Each structure stands twice: as C-alpha cells, then as structure tokens.
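Structure first, commentary second.
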Amino acid sequence: MLREILKEINESDYISKANIAIKLNINLGLIEDAFSQLVRMGYIKEDDNMSSCMSECKGCAFAKTCNKSPVKTVTITEKGKKLLSK
C-alpha cells in the first residue's frame, strides 16, 4: 500500500490526500497514517514552506492566505525515487 501511495504522489500534479484515498479506495485516515510512515521511513519530505518562502508576495498565488494557513508541499526523496524505480 505504501508503494501505491508513493506512486500516486509521484504521478500527481496536485497532491491531495482525499483524492488519493478516493482513487485507491482507501480510508482517508489510512492515507494520513501512510504519509506519516513515508515521512518516518525517509521516502517523502513534507514542508509547510513558512520559513523558506523566498518569493515576493506580489506574484504569489498564495499571497491572500499566506501566514494564515500554510501550504504543505510533499517531495519524494532520493530514497523514495529508488523505491519507485524498482
């Protein structure tokens, strides 16, 4: 199941835990747990980008919500990429 979720993360333009749950027909709570496990195992990295944003607000798509609700991004690590290539 973790590999299937990692594959969905890799193939998605926009990562939505709810959409992954629907697509894989898995309970959203299990998807949440799977994301936590993938982070713990080093296959993905989650970042809320609050401290690392270097863009100017003028052209940012998130300018209206910035500092109100963080936009969490997910990155597949090298370890995750190796798992997907197997």
Exercise for the section: Could you tell me whether SER55 is modelled with pLDDT under 80 and surrounded by 12 or more Cβ atoms within 10 Å (Cβ to Cβ)? Expected result: yes
Practice task
Would you list the helices (runs of 4 or more DSSP H) that sit entirely within the range 1-47 and hold 2 or more residues that are within 13 Å of GLY80 (Cβ to Cβ)?
Solution key: 2-11, 28-40
Problem - Residue that is modelled with the lowest pLDDT [pool: residues in the range 1-52 that are in contact with a strand residue (DSSP E or B) (Cβ under 8 Å, 6 or more places away or on another chain) and of a type in the set (A, V, I, L, M)] - result: ILE15
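The values are calculated or read from the model by the stated rules, or taken from the named source; none is laboratory data. Nothing here was measured: the structure is a model prediction, and the numbers come from that model. Here Cβ is always computed from backbone atoms with ideal geometry, including for glycine, and neighbour counts include all displayed protein chains.
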